[in-house]
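Novice: Below is the structure I would like to discuss, written out as structure tokens.
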Amino acid sequence: MSTSTIWIVIAAVAAVLLIAVLIFAVSRASRRRRERHAEEIREQARLETAKVERREALAQETAAKARAAQAEAEVKAAEAARLQERAAKHQSDASTSREQLHEQWERANDLDPKVKADSNKAAGRPTSDRDAAWSDERPTDATNAEVPRQGASVNYRDADSWRSN
């Protein structure tokens, strides 16, 4: 072998080694770049995880409030139903009492000869004392609140001025 061939072989081997070192360096740099990018993605995922956990906590809290409000609404609805039943019972009792009271009035009027004579004159049903009392009352034309005092201002804005004194 001649010297020039040896130098060519050495140059070829050196070129192959140089190419291998360059490929190794490029792949190492690429791997480091990918690792840094993956670490950045992991950091963003950690931040997002915290945000998602806060959202989940808020969602659970809101769901708990909704369940509490629903339970409260059900309690209120049950209370309303109970009160309606109670009101209906009171109304029924009042109606029954009213009928019994009416029967008492009728029985008293049937026993009283004076009421029988008055009813024959009027040729109608006798009225109860309550109805007579109400019929005697008449509404007045104006109440004391509507009539201004003598010498008092008619301006209603001035009417409240006594409160500030």
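Bear in mind these aren't lab numbers, they're just calculated from the coordinates by the rules spelled out. Since this is a predicted model, take the numbers as computed values, not measurements. Heads up, the Cβs are rebuilt from the backbone with ideal geometry, glycines too, and the neighbour counts pull from every protein chain shown.
Novice: Which of the residues belonging to the range 1-30 are of a type in the set (K, R) and surrounded by fewer than 10 Cβ atoms within 10 Å (Cβ to Cβ)?
Specialist: none
Novice: Next question, about the same structure. When you look at A57, is it assigned to a helix (DSSP H, G or I), under 37 Å from the mean Cα position of the chain (by Cα) and surrounded by 10 or more Cβ atoms within 10 Å (Cβ to Cβ), yes or no? Steps first, answer last, please.
Specialist: Working: assigned to a helix (DSSP H, G or I): yes; under 37 Å from the mean Cα position of the chain (by Cα): yes; surrounded by 10 or more Cβ atoms within 10 Å (Cβ to Cβ): yes.
Considered against the rule, which asks whether it is assigned to a helix (DSSP H, G or I), under 37 Å from the mean Cα position of the chain (by Cα) and surrounded by 10 or more Cβ atoms within 10 Å (Cβ to Cβ), A57 comes out as yes.
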